[in-house]
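What follows is one structure encoded as structure tokens, with my remarks underneath.
The values are calculated or read from the model by the stated rules, or taken from the named source; none is laboratory data. Since the model is a prediction, treat every value here as computed from it, not as a measurement. Methodologically, a virtual Cβ is constructed for each residue, glycine included, from the backbone with ideal geometry; neighbour enumeration extends over all protein chains shown. In case anyone asks, the SASA skips ligands and DNA or RNA and just uses the protein heavy atoms, side chains included. Shrake-Rupley method; radii C 1.70, N 1.55, O 1.52, S 1.80 Å.
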Amino acid sequence: MIGAASWSVGMLIASAIAALSGLSWLLYRAYQEEKQFPLREYSPQEAYGETLWRMIFVYWLVYCGARGLQIAVPLEGTDLGQMCKITALLAFLLTVSSLLCLPMHYWQARQRQQQLN
């Protein structure tokens, strides 16, 4: 049982680092584009896709933080423990819903582009 627990904690830490890296990369790319093209206007499809990616990474970081707090500190039976469970659940559901919206968004954007052409 100890091996399974340490494996899940390791995966939680690795996924938090990956989410932080992804969010940092998105923000750095947006900063570089703003610096290079200060007056560029984004289409609603581009802005929505970028926002979905950011939401996915931020929600996953919140989930990892809430789960990490539950694992690191014995909070079972306290109000803070219940809040961490609810926060983790909501962050997980928001991450999944954002992940499900992303392919639908790209599909809709492609359909709209085909209708314009």
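Hey, among the residues in region 7-20 that are open to solvent by 70 Å² or more (accessible area, probe 1.4 Å) and under 16 Å from the mean Cα position of the chain (by Cα), which one's nearest to THR95 (Cα to Cα)?
LEU20
Take the conditions basic (Lys, Arg) and either more than 30 Å from ALA109 (Cα to Cα) or open to solvent by less than 50 Å² (accessible area, probe 1.4 Å) (or both) and apply them to ARG67. Does it pass?
In short, yes.
For the subset of region 6-63 comprising residues that are of a type in the set (Asp, Glu), assigned to a helix (DSSP H, G or I) and without any contact (Cβ under 8 Å) to a residue 12 or more places away in the chain, which member is nearest to SER98 (Cα to Cα)?
Ranking the qualifying residues of region 6-63, first place goes to GLU46.
Restricting attention to region 77-100, which residues are buried (at least 16 other Cβ atoms within 10 Å of the Cβ) and under 30 Å from SER43 (Cα atoms)?
ALA91, PHE92, LEU94, THR95, SER98
Take the conditions of a type in the set (Phe, Trp, Tyr) and in contact with a Ser or Thr (Cβ under 7 Å, 6 or more places away or on another chain) and apply them to TYR31. Does it pass?
So TYR31 does not fit the description; no.
Does region 104-117 contain any residue that is hydroxyl-bearing (Ser, Thr, Tyr) and either touching a strand residue (DSSP E or B) at 6+ places or on another chain (Cβ under 6 Å) or under 20 Å from ALA19 (Cβ atoms) (or both)?
For region 104-117, residues hydroxyl-bearing (Ser, Thr, Tyr) and either touching a strand residue (DSSP E or B) at 6+ places or on another chain (Cβ under 6 Å) or under 20 Å from ALA19 (Cβ atoms) (or both): absent.
Can you tell me which of PRO38, PRO74, PRO44 is modelled with pLDDT under 95, more than 25 Å from ALA109 (Cα to Cα) and loosely packed, with under 14 Cβ neighbours inside 10 Å?
Selected residue: PRO74, the only one of PRO38, PRO74, PRO44 that is modelled with pLDDT under 95, more than 25 Å from ALA109 (Cα to Cα) and loosely packed, with under 14 Cβ neighbours inside 10 Å.
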